[in-house]
1. With respect to V195, is the statement that it is surrounded by fewer than 18 Cβ atoms within 10 Å (Cβ to Cβ), of a type in the set (V, I, T) and either under 25 Å from H87 (Cα atoms) or modelled with pLDDT of 50 or more (or both) true?
2. For the range 1-14, give me each residue that is surrounded by fewer than 24 Cβ atoms within 10 Å (Cβ to Cβ) and free of Cβ contacts under 8 Å to residues at least 60 places away in the same chain.
3. Look at L261 and say whether it is buried (at least 19 other Cβ atoms within 10 Å of the Cβ), assigned to a helix (DSSP H, G or I), among the aliphatic types (A, V, I, L, M) and at pLDDT 65 or above.
4. Taking the stated definitions as given, is H144 surrounded by 21 or more Cβ atoms within 10 Å (Cβ to Cβ) and either modelled with pLDDT under 95 or in a helix (DSSP H, G or I) (or both)?
5. For the range 1-59, which positions are assigned to a strand (DSSP E or B), of a type outside the set (S, T, Y) and more than 14 Å from I71 (Cβ to Cβ)?
6. I need a count of the residues in the range 54-63 that are at pLDDT 95 or above and under 20 Å from A143 (Cα atoms).
7. Do you know which residues across the range 272-286 are in contact with a His (Cβ under 7 Å, 6 or more places away or on another chain) and not in a loop (DSSP other than H, G, I, E, B)?
8. Kindly indicate which of M39, M63 is hydrophobic (A, V, I, L, M, F, W, C), surrounded by fewer than 19 Cβ atoms within 10 Å (Cβ to Cβ) and in contact (Cβ under 8 Å) with a residue 24 or more places away in the chain.
Amino acid sequence: MQSLAVLDFETANHQPNSACQLGIVIVEPWKIIRQKRWMIRPRRLYFSPRCVQVHGITPEHVMDAPTWEDIWSEVLDWIDGSVLIAHNAGFDANVLMNTCLANDIALPPMDVQCTRLISKRSWPALRSHSLASMAEFLSIDFAHHDALEDAKAASCLLIEAASKFQVQNLEELEDRLGLVRGRVWSQSVRHPRTVRRSRIESVAESPVRYEPKRFAKDGSPRTSHGQVPSRGIAKEILMLCSDNSPIAGKHMVLIGTLLGLDRQDSVAFLSQLGANVQSQINLQTQYIIQGTIDHRPLDADACDSDQLEQGDTGGMAGVARALAGISSRRKMDIESRGVQGQSLTILSQRQLLAMLPSGLEVVRGQER
């Protein structure tokens, strides 16, 4: 069995070349055989307050630490010839690539797989697949946001998934779950992705259900997502995007639902398009998708991992308008991230569909 290098980075700020801590755990075959943590002095000693709040690492902790250039040969010895695995692997692969790039280091091509995708396919009924949530579900004790602790937790998650399906190696697990590896090399990252569409396709074969027409007070018909054969729309869009998905690898938070689908199908739809659908907004989030929100009011407690996944473009200035109905606490969090320089794009359902090949055309055609 090919060795698996489970890794986790912590960064000093929002720049992907600001690695300040690295943890690596080597797994083979389905056992942890060695592990190590490195403190790293970034090229620029700026630690954003939000990152420090997350991991607790400050400039004082790395002032005398080696640079990436100093430790690279040792790190390469650990990971060379292995499949790189991480929770939200796109983030860690991006940090690895950009840190090497910033130090003029050639990064050999390496396969990448994601324990978040593995956990989503292995335990699909769970409301959240964050590392903390999965560790709680699997009774894994760890200190979150320490690079080595996170890498060990992801390793345990991987081993649990392998045990659940009784597979002998990573290839068998990927085949069982319908996962395709990503790849990282000197100037590019290709994210791991899911390939099977069984959930969307199976529900698409069921009879289309229509809701009765509803009318406004003036007697005019009121548009309803229930009038659209939503699963058929989702299936057609997936077929059209099979060779070109502009949201592949994007970290998204979805608020509400899409295309008249229920919550679970909406998340599955985005995942089949290659998006990394997050349970809550964090430092990796790139898009917030504003879907259709239940008519029930959302309060601070309701805006949890089961309701958040993606949004509506318009920039940070349009957050309050685009996220109407979301708690004030959530709005303040999003606005503060924009002020601190995190790039968050808010997308409406229409704007999301406009990003997809023929997305709007499919919806309009089936609404006629």
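1. Details: surrounded by fewer than 18 Cβ atoms within 10 Å (Cβ to Cβ): yes; of a type in the set (V, I, T): yes; either under 25 Å from H87 (Cα atoms) or modelled with pLDDT of 50 or more (or both): yes.
For V195, the condition - surrounded by fewer than 18 Cβ atoms within 10 Å (Cβ to Cβ), of a type in the set (V, I, T) and either under 25 Å from H87 (Cα atoms) or modelled with pLDDT of 50 or more (or both) - is met.
2. Correct list: N13 only.
3. No.
4. When the stated conditions are applied, H144 does not pass them.
5. Here is the first cut: in the range 1-59, the residues assigned to a strand (DSSP E or B) are 4-11, 19-27, 32-39.
Subsequent filtering for residues that are of a type outside the set (S, T, Y) retains 4-10, 19-27, 32-39.
L4, A5, V6, D8, E10, V25, I26, V27, I32, I33, R34, Q35 - these are the residues of the range 1-59 that are assigned to a strand (DSSP E or B), of a type outside the set (S, T, Y) and more than 14 Å from I71 (Cβ to Cβ).
6. Narrowing the range 54-63 to residues at pLDDT 95 or above: 55-63.
In the following step, the residues that additionally are under 20 Å from A143 (Cα atoms) were identified as 55-58, 61-62.
Count: 6.
7. Of everything in the range 272-286, those that are in contact with a His (Cβ under 7 Å, 6 or more places away or on another chain) and not in a loop (DSSP other than H, G, I, E, B) turn out to be N276, Q278.
8. Exactly one residue qualifies, and that residue is M39.
The values are calculated or read from the model by the stated rules, or taken from the named source; none is laboratory data. The shown structure was predicted, so the numbers you read here are calculated from the model rather than taken from an experiment. Ideal geometry is used to build each Cβ from the backbone, glycine not excepted, and the neighbour counts take in all protein chains shown.
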